[in-house]
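K.L.:
Here it is: the structure, laid out below.
We did not get these values from a lab; they are worked out from the coordinates using the rules stated. Remember, predicted model here, so these are calculated numbers, not experimental data. Heads up, the Cβs are rebuilt from the backbone with ideal geometry, glycines too, and the neighbour counts pull from every protein chain shown.
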Amino acid sequence: MLRTNFVAAAMAAAYALPAVAFAAEDADIRAIREEIKSLKEGYESRIRQLENRLQAAEKAPAPAAAAPAASSAFNPAISLILGGQYSHLQRDPETWRIGGFVPGGDEIGPGNRSFNLGESELTVSASIDPYFSGYFVLAATPENEVEVEEAYVMNSGALPGLSIKAGRMLSGFGYLNEIHAHAWDFVDAPLVHQAFLGGQLKEDGVQARWLAPVPVFAEVGVEAGRGANFPGTGRNSNGLNSTMVFAHLGDDIGASHSYRIGASYRATRAQDRAYVDTDSPGNEVTNAFTGDSRMWGVDFVWKWAPNGNPVERNFKFQAEYMQRREDGRLAFDTAGANLSDGYRSRQSGWYVQGAYQFMPRWRAGLRYDALDSGKVDIGLVDNGALGAGDFPLLAANDPRRATAMVDYSPSEFSRLRLQFSRDEARFDEGDNQVFLQYVMSLGAHGAHKF
Amino acid sequence: MKTWLGTLAAAGLLAAHVAAHAALNVFACVPEWAALATELGGDKVSVYQASNALQDPHRIEARPSLVARMRGADLAICTGAELEAGWLPVLLQTAGNARVQPGKPGFLAAAELVDKLEVPARLDRAEGDIHPAGNPHVHLDPHNVAKVALAVTGRLQQIDAANAAYYEARGKDFQARWAQAIARWEKAGANLRGRKVVCHHKSATYLLHWLGMTEVMNVEPKPGIPPSTGHLTGLVARLKAEPADLVMRVAYNDPKATEWLAQRTGLPLVVLPYTVGGTPEAKDLFSLFDDTLARLEKAGH
């Protein structure tokens, strides 16, 4: 206030008394002018600021009403994945088998011909309290069945570096198994997943991971559960029916490259794990395996994006190798002859794939699958009770598949994909498969894993 | 086996010991908050910058290296308002670090501290990649930076009480220098008022608002949706009817669309650093704004 008065006085002095001004020293006048100028600028800048603030106040929406007190404010995040495809399959999908391998459950293979609705996945997730959070995925199948895809609770970071999940979850074996199908780069799972993990292995159990407190990503984990899904079976026994350990290591190389490598080992048991084959006269028979099923695998994923900005262009490479050993007894024709003797197999498989986003929205990808039916010792054949022709599905084979795809993503919530596969999983004949697929997500969309 | 476990335990203890005595670890989601943490924390903090100026902050991969760094963080400074929604939740969930969970003193979401612009009235993904909390690119109004700086100083003092006086002094010094700089920038930017701008994405909204410039249209038809040729041709026609003064993009945007548009319309094209490191000149928060204003000035003449 005092300052304002002074300015007013100074201004009055400067303008009202020019005679005095003329008489005064030039230096004084200059000084006064300077001061007036700087004050003027000061006021102008403050007025500008006020104008800006006023404008902001006018533009800004009314302050949001206090968070709604209704109980709906606690509603969890909900998202829905819608997917479907048109499949053109050269060979009858009923005849599709992975030759040389015991079939891995019902959810494998190229699916039906013509239009197919995919699984519609409803995801619900939220914090439960300060200590736990929950996650639930319900899949409605095109056959109008509802499946609990995942349902687990996990701790909310209170234990240093330790994440513990309990419930039903996608098993942490390898890399791709843990990723939801809607985020895959191809329509279907690699053959090695179809042969060894039933497409995608789910475990009812507990998983614990520990992230080491070091500047690179180094994680170890254990998983234990009921092991009810292929390659295990539900067994009427207490304790841990499947156990697994895994380790991951990852880091960046410069700004543009990042990678993760991993290794997993899983042991489970099967009890009367049945599959259908044909005996040498051509009758359909049901055989069953009982014994240990142990599997190990290594996985590698590498991502590239110029300067780490994947918006324009990026490339993702991934590869996995798995080997499974089964050791136990194989029963032949459980409904009829019901012969049983030892069984031992060592089989392996791998895939490599790459997906390149060559311009915004567009990606192209290639994948190559290979399996090796390896070494299979069937006691009933070795002891002469039956011939190799009684186990045609277990004859030596090296299934192969080559796949190419191109996909277009109008936004990060929608994707259209065209895929062509030359599938040589059957013993003698190849199959040309064309898929046209859509995958869309609506509602809250969670962040994707690496 | 026993010796192996023993060695592992010893290594773990050693790591914990070293961590306890080292500088405060700050995980900054984006470069502007890394620069701010460095200004305010000095040599008492060790700042990890999770992304760089050439990366679109909406689209960072939740890379293993980021998870590892989040694991050891004492303070995470992110933008919030869903800017990092595509990657930050994975980091927080998988890092297993209780100190930096939202709601804890170790997690700071900058956008929560300022008044946000463009809060959508209608939440529908048909509107593109919109942010329910409002436009998240808040740091390009330096007044917002000052508010965030106050909060960062507060958090540093809270987490590292032993050095509270140090942070207090650094904070005061920064605020004084920042206020002077704002006065300088506002004086320099006064003649930019009223300029009409075509911006690639709504990433400079706060800057334009602060300087009194107007964003007349965007190159993206809707937030996060890349422009089609048809949309760009439409923009050229609209710009003939209602001319603008300049075309603008930030360092991480694809150059093609704005270059094409500038060429077709003859409008000057300005590439702004957007954040620290976006241009060679934008080395810290002060030079970020110096360079931004210099580039805008240059395009005006």
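K.L.:
So how far, in whole Å, is the C-alpha centre of the range A:232-284 from the one of the range B:155-194?
P.N.:
56 Å
K.L.:
Under a plain spin-label model, where a point goes 7 Å from the Cα along Cα-to-Cβ, how far apart in nm are A:Leu366 and A:Asn432?
P.N.:
Modelled inter-label distance: 2.0 nm.
K.L.:
I've got another one for you. Below 8 Å between Cα atoms, with a sequence gap of 6+, how large is the relative contact order for the range A:329-450 in percent?
P.N.:
Relative contact order comes out at 18 percent.
K.L.:
Taking a ≥ b ≥ c as the square roots of the Cα gyration tensor eigenvalues, with a/c under 1.5 meaning rounded and otherwise prolate when a/b beats b/c, else oblate, which class fits the range B:153-238?
P.N.:
Here the range B:153-238 falls in the oblate category.
K.L.:
Let me know the longest stretch in chain A that avoids all GluC sites (Glu not before Pro) found in a DSSP loop with at most 14 other C-beta atoms within 10 Å.
P.N.:
A:146-428
K.L.:
What cysteines in the protein assembly as shown have no other cysteine with a beta carbon less than 4.7 Å from their beta carbon?
P.N.:
So far as the 4.7 Å Cβ criterion goes, B:Cys199 stand without a partner in the protein assembly as shown.
K.L.:
What lysines could a cross-link reach from B:Lys240, if we take a straight Cα to Cα line under 16 Å and drop same-chain neighbours fewer than 8 places away?
P.N.:
Answer for B:Lys240, where 16 Å is the Cα cut-off: B:Lys196, listed by chain and number.
K.L.:
Here is a follow-up. Please compute the contact order of the range A:90-155 in relative form: average sequence separation of alpha-carbon pairs under 8 Å and at least six residues apart, divided by the residue count, as a percent.
P.N.:
Relative contact order for the range A:90-155 comes out at 23 percent.
K.L.:
I would also like to ask the following. Given points 7 Å out from each Cα along the Cα-Cβ axis, report the A:Ala126 to B:Asn191 separation in nanometres with one decimal.
P.N.:
A separation of 5.7 nm, rounded to one decimal place.
K.L.:
Net charge within 13 Å of A:Val406 by Cβ-Cβ distance, Lys/Arg positive one each and Asp/Glu negative one each, not counting A:Val406 itself?
P.N.:
On the way: positive: A:Arg361, A:Arg363, A:Arg367, A:Arg415, A:Arg417; negative: A:Asp185, A:Asp407.
For residues surrounding A:Val406, the net value is +3.
K.L.:
Still on this structure, I have one more. How large is the dipole of the protein assembly as shown about the Cα centre if only Lys and Arg carry +1 and Asp and Glu carry -1, each at its Cβ, rounded to the nearest 20 debye?
P.N.:
1980 debye
K.L.:
Is the shape of the range A:277-332 best called rounded, prolate or oblate, per the rule: a/c under 1.5 gives rounded, else a/b larger than b/c gives prolate, else oblate, with a ≥ b ≥ c the square roots of the Cα gyration tensor eigenvalues?
P.N.:
Because a/c hits 1.5 or more and a/b exceeds b/c, the range A:277-332 counts as prolate.
K.L.:
Please find the FRET efficiency linking B:Glu259 to A:Val206, where r is the Cβ-Cβ separation and R0 is fixed at 56 Å, and quote it to the nearest 0.05.
P.N.:
Working: r = 55 Å, r/R0 = 0.98.
Efficiency, from the Cβ-Cβ distance: 0.55.
K.L.:
Which ³J(HN,Hα) values, rounded to whole Hz and listed in residue order, are derived for the range A:208-222 from phi using the Karplus coefficients 6.51, -1.76 and 1.60 in 6.51 cos²θ - 1.76 cosθ + 1.60 with θ = phi - 60°, glycine and proline given as x?
P.N.:
Each residue of the range A:208-222 in turn: 10, 10, 10, 9, 5, x, 10, x, 9, 7, 9, 9, 10, x, 10 Hz.
K.L.:
Can you work out the Karplus-derived ³J(HN,Hα) for every residue in the range B:261-269? Use 6.51 cos²θ - 1.76 cosθ + 1.60 with θ = phi - 60°, whole Hz, and x for glycine or proline.
P.N.:
Here the 3J(HN,Hα) series is 5, 5, 5, 5, 9, x, 7, x, 10 Hz.
K.L.:
Hey, with R₀ at 51 Å, roughly what FRET efficiency would A:Asp26 and B:Met217 work out to, going by the Cβ-Cβ distance, to 0.05? Please list the in-between numbers first.
P.N.:
On the way: r = 54 Å, r/R0 = 1.06.
The computed FRET efficiency comes out at 0.40.
K.L.:
Something else about it: Please give, to one decimal in nm, the separation of the simple spin-label points placed at B:Lys104 and B:Lys147, each 7 Å out from Cα toward the Cβ.
P.N.:
Computed distance between label sites B:Lys104 and B:Lys147 equals 2.6 nm.
K.L.:
Another question about this same structure. What average number of partner chain Cβ atoms lie no more than 10 Å from the Cβ of the residues making up B:50-62?
P.N.:
5
K.L.:
Under 18 Å Cα-Cα from B:Lys147, which lysines qualify once same-chain neighbours fewer than 8 residues away are excluded?
P.N.:
B:Lys116, B:Lys172
K.L.:
Against the longest principal axis of chain A, how steep is helix A:2-16, in degrees 0 to 90 to the nearest 10, with axes from Cα atoms?
P.N.:
With rounding to tens, the tilt is 50 degrees.
K.L.:
Amide H of A:Glu149 versus every other amide H placed in the peptide plane: which residues, excluding those fewer than 5 positions away on the same chain, fall under 5 Å?
P.N.:
A:Val137, A:Leu138, A:Ala139
K.L.:
Same structure, new question: Give, in nm to one decimal, the length gained when the segment between A:His448 and A:Ala274 is fully stretched (0.36 nm per residue of separation minus the Cα-Cα distance).
P.N.:
So the extension gain works out to 59.0 nm.
K.L.:
Moving on. Which ordering of A:Arg329, B:Arg295, B:Arg122 is given by a fewest-first count of other beta-carbon atoms within 10 Å?
P.N.:
Starting with the residue having the fewest Cβ neighbours, the order is B:Arg122, A:Arg329, B:Arg295.
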